[in-house]
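Here's the structure we're looking at; comments come further down.
Values quoted throughout were computed directly from the atomic coordinates according to the rules given, and no laboratory measurement underlies them. Here the structure is a predicted model, which is why all the values come from computation and not from measurement. So basically every Cβ, Gly included, is an ideal-geometry build from the backbone, and we count neighbours across all protein chains shown.
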C-alpha cells in the first residue's frame, strides 16, 4: 500500500473580482511529508481520535494569504467553517506557539483600533485567547475595511506550535459575529452572503474559494441543498441513521469524525480487524472497499474508499463527538456552497 495521507497547504496566489459583487480567490496545493508517512492501514474517520499533539501533520489544511493593517502585514490563515473569528498571532502573545510565526503588530498599522474586548475560543484540539481589534483586510486587490479580528495573547499547548498557518479565518454560520462574509455584505463588496469551495483532488493548483456566488464551470447538474439545522457551525440534519443524525460541514477539520456509537458497526461492515482495546490493527486493501454513502435531504453523496482510508502508525484513540463532522476529505469530493442568506449548504457533483 502506498501512503495516501498528505498535508495540503493551499496558499493564495491571487484574488480576482471576476464579476460585479463576486470575489474569486485562487489557491495552490502543496504537499508536506508525503514520503515520510508511516506504513500502517487505518481509517480517516478515526484519525481525529488520535492522542497526538502534532496531529495537524497527518491532516490536510487549506490556507489563504491575507494582509492586515495599513500598510498590510501578511499572514496565511486557515479557512474554518467551524468557527466565527478571524484571528492571527500577535506581538501580545507569549506562548511558544507564537514564536514560530509572523506576528501582527498593531503599532505599525494606521487603521487599527480596539476597545480591548477579550475573546476566547476552545477548538476540538487547541485553544486561543486574546483581544478584539478592527482593521483593514486586503486579499489581493480587494480591500475590506473595519474588519473584526482577534489578536492572540495565549495559545497554550502544542497544537498551534506545529501548525503551518498563522491564524484562522472563521466562516461559521452564526448571527452577529462579524465574520469576513458579514463585513463584505455590509460594505457592498458582494451581493449575496454566499461562499463556495472547490478543493482540487489531483493537481497542485486549481483550488478556489469564491465569495458572493458560485462558478458553474466547477460542477455539473444541480446543487443539492441541505437546510441548516442551527445557526452555527453549518450543522445539518442527515438521514443515514435510524433516528436521524447531525453532521457539521467543517473546512477546519481535515478528516471525518464519526460518533462513537457507530464506529464498531462501521468497522464490522468494512471488515476491519481490531485489537483487544477496539483499535483498528489491520484493514482490507482499500480498492476493494465500498464507497460510504451519505444521505442528506434526499441526495445520495458518495465517498470513495480512497478518501476515507489512511495509513498511520498511531495506536491510541479517544472518544469521538456525538455528531458527524464532514471535513475536507468529504468536501473535496463535491463543489460545496455555503449560503447564509437561505440557511443552507449545497453539494454538487464535480465537473
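So the values come out like this:
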{"item": "Label point distance in nm, residue 142-residue 70, each placed 7 Å from Cα along Cα→Cβ", "result": "2.0 nm"}
{"item": "Estimated distance in nm for a label pair at residue 264 and residue 302, the labels positioned 7 Å out from Cα along Cα-to-Cβ", "result": "3.1 nm"}
{"item": "Solution diffusion estimate, µm²/s, Stokes-Einstein, the stretch 75-121, Kirkwood Rh from C-alpha pairs, 25 °C, viscosity 0.890 mPa s", "result": "196 µm²/s"}
